[in-house]
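As structure tokens, the structure follows; a few thoughts come after it.
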Amino acid sequence: MERAFAVGMRHVDHFWCAMSSVPSVRARLGTPMRGSMEQFVLAHDEMSTEVIADGLHLSPELLTFAWKMKGAQKLCLVTDANRALGMPPGRYRFGPCDTGTWFESDGKVGFVPGAGLASSVVALDTMVRTMKRDTHAPLEQVIRMASLTPAERAGVARSVGSLEVGKRADVLILDTKMHVKRVFVDGFCAV
């Protein structure tokens, strides 16, 4: 992590998902216990990360902790979704349709039987609702984590991520329960 940081790395994906923790590092490497990616990200203000706030990947305590430690300007909401997004429960493939690895979806989360969570299968509006409910973060911060912050991290905030003159008019209208009501892409109603 220190070598990557020294050459410019400032973002890691899927905080806590498939990252080593102190107990797993100790089990693999023995003593003394060493920090991992989690501790590095938390210890460096310049680092940003992502959370999968689907209600199944991370507990409310971890979502709250990530938000309090990194803040809305350094924490992104991501779906980590795949082709099972919004589909009924069943068997789906990662990657290529004909040769990708199989996984199961229960309609809430993807998993590999006997191996645990594999991927989220719900859309970003679910992440927004979950993050708001589980962390009590102000709504404007939750929306930022789903829009402007990811655009900034991806280097595209000059054209998307917020409502400003000169930016693409990609707008999502949510109802009072934060469910998608209308979608505008480049200023045109898509849904």
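Key figures for this structure:
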{"item": "Flag for Val142 being farther than 16 Å from Gln73 by Cα, touching a strand residue (DSSP E or B) at 6+ places or on another chain (Cβ under 8 Å), not aromatic (Phe, Trp, Tyr) and not assigned by TED's automatic domain parsing to the domain that holds Val109", "result": "no"}
{"item": "The stretch 135-181, residues that are farther than 20 Å from Gly86 by Cα and among the charged types (D, E, K, R)", "result": "Glu140, Arg144, Glu152, Arg153, Arg158, Glu164, Lys167, Arg168, Asp170"}
{"item": "Test: Ala151 is of a type outside the set (Val, Ile, Thr), out of contact with any helix residue (DSSP H, G or I) (no Cβ under 6 Å at 6 or more places or on another chain), surrounded by 15 or more Cβ atoms within 10 Å (Cβ to Cβ) and on the phi < 0 side of the Ramachandran plot", "result": "yes"}
{"item": "Conditions (1) loosely packed, with under 13 Cβ neighbours inside 10 Å; (2) more than 17 Å from Arg10 (Cα to Cα); (3) touching a residue at least 24 places away in the same chain (Cβ under 8 Å): number failed by Ala53", "result": "(1)"}
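The values are calculated or read from the model by the stated rules, or taken from the named source; none is laboratory data. This structure is a prediction, so every number in the text was calculated from the model and none was measured. When we count neighbours, we look across all protein chains shown, and the Cβ atoms used for this are built from the backbone with ideal geometry, even at glycine.
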